[in-house]
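Step one of this worksheet: look at the structure below.
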């Protein structure tokens, strides 16, 4: 899917502003927003790639003008409404209540099992690696080209690498394929490789740093073979 969320390599967006000692949360409401994601994920309402795809469907202007956890809230609302867990009218009423009463307490839930799950997920994560008997089509040293078409639905094939050629520097085994999982097709594991692209290949001879390179993890279906390792 193509949209304003795919900003890698986009010109004119200004510098990436970093903040020394940046806080984990910038507002109190971001804390329950984080917990809401984990609780909905645990309930089976969505997988990570479906969650990302929901954010990709935001209005472009709203996406650019909102912050990180506002994107998360949009996705959570999207799936909660889809599952019939919340009613849009009820949500609007509750939103109005908290806007008018910003100090009103949030609903509390005492669930030690859920807290244990959150602590495990936060500190240990959840691996996307999946077993598969698929034989790898490529190996380290192969030169590959990334498909240049514009896929519909969710994809992790960044726009700025499409049609570009790079060298495989690492092979990592099989992982959940986002283009399947994000579009309701199941895990469908595929081999993942690290591909090195020169800055000149990505940005052009007149713009790319002659000594620069970008390394990006890339799923096998995105690639076609140009030359094999050691080929002239």
Open item on the list: Which count do you get for residues in the stretch 209-228 that are touching a residue at least 24 places away in the same chain (Cβ under 8 Å), surrounded by fewer than 16 Cβ atoms within 10 Å (Cβ to Cβ) and either touching a helix residue (DSSP H, G or I) at 6+ places or on another chain (Cβ under 6 Å) or part of a strand (DSSP E or B) (or both)?
Closed with: 6
TODO: Determine whether residue 196 is touching a residue at least 24 places away in the same chain (Cβ under 8 Å) and either surrounded by 12 or more Cβ atoms within 10 Å (Cβ to Cβ) or farther than 18 Å from residue 51 by Cα (or both).
DONE: yes
- [ ] Go through the residues of the stretch 167-174 one by one and say whether even a single one is in contact (Cβ under 8 Å) with a residue 40 or more places away in the chain, touching a helix residue (DSSP H, G or I) at 6+ places or on another chain (Cβ under 6 Å) and not assigned by TED's automatic domain parsing to the domain that holds residue 47.
- [x] no
- [ ] Identify the single condition in (1) surrounded by 10 or more Cβ atoms within 10 Å (Cβ to Cβ); (2) under 30 Å from residue 192 (Cβ atoms); (3) at pLDDT 90 or above that residue 121 does not satisfy, given that it satisfies every other one.
- [x] (3)
Open item on the list: Looking at the stretch 1-41 only, could you name the residues that are modelled with pLDDT of 85 or more, touching a helix residue (DSSP H, G or I) at 6+ places or on another chain (Cβ under 6 Å) and more than 16 Å from residue 65 (Cβ to Cβ)?
Closed with: 6, 25, 30, 33, 36, 37, 38, 40
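Do we find a residue being assigned to a helix (DSSP H, G or I) and over 20 Å from the mean Cα position of the chain (by Cα) anywhere in the stretch 177-196? Before you say what the answer is, go through the steps one by one.
Initially, the stretch 177-196 is screened for residues assigned to a helix (DSSP H, G or I), giving 178-181.
Restricting the remaining residues to those that are over 20 Å from the mean Cα position of the chain (by Cα) gives none.
Scanning the stretch 177-196, I find no residue that is assigned to a helix (DSSP H, G or I) and over 20 Å from the mean Cα position of the chain (by Cα), so the answer is no.
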Open item on the list: Tell me the residue from 157, 145 that is farther than 22 Å from residue 41 by Cβ, in a loop (DSSP other than H, G, I, E, B) and in contact (Cβ under 8 Å) with a residue 24 or more places away in the chain, please.
Closed with: 157
Open item on the list: Checking the conditions here, which among 106, 99, 115 is out of contact with any strand residue (DSSP E or B) (no Cβ under 7 Å at 6 or more places or on another chain) and surrounded by 11 or more Cβ atoms within 10 Å (Cβ to Cβ)?
Closed with: 115
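Scan the stretch 169-178 for residues that are surrounded by fewer than 21 Cβ atoms within 10 Å (Cβ to Cβ) and on the phi < 0 side of the Ramachandran plot and jot them down. I'd like the intermediate steps shown before the answer.
Here is the first cut: in the stretch 169-178, the residues surrounded by fewer than 21 Cβ atoms within 10 Å (Cβ to Cβ) are 169-173, 175.
Within the stretch 169-178, 169, 170, 171, 172, 175 meet the criteria.
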- [ ] Mind listing just one residue for me: the one in the stretch 42-63 that is part of a loop (DSSP other than H, G, I, E, B) and out of contact with any helix residue (DSSP H, G or I) (no Cβ under 8 Å at 6 or more places or on another chain) and, of those, surrounded by the fewest Cβ atoms within 10 Å (Cβ to Cβ)?
- [x] 44
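The values are calculated or read from the model by the stated rules, or taken from the named source; none is laboratory data. Computed from a predicted structure; not experimentally measured. Reconstructed Cβ throughout: ideal geometry from the backbone, glycine too, with neighbour counts over all protein chains shown.
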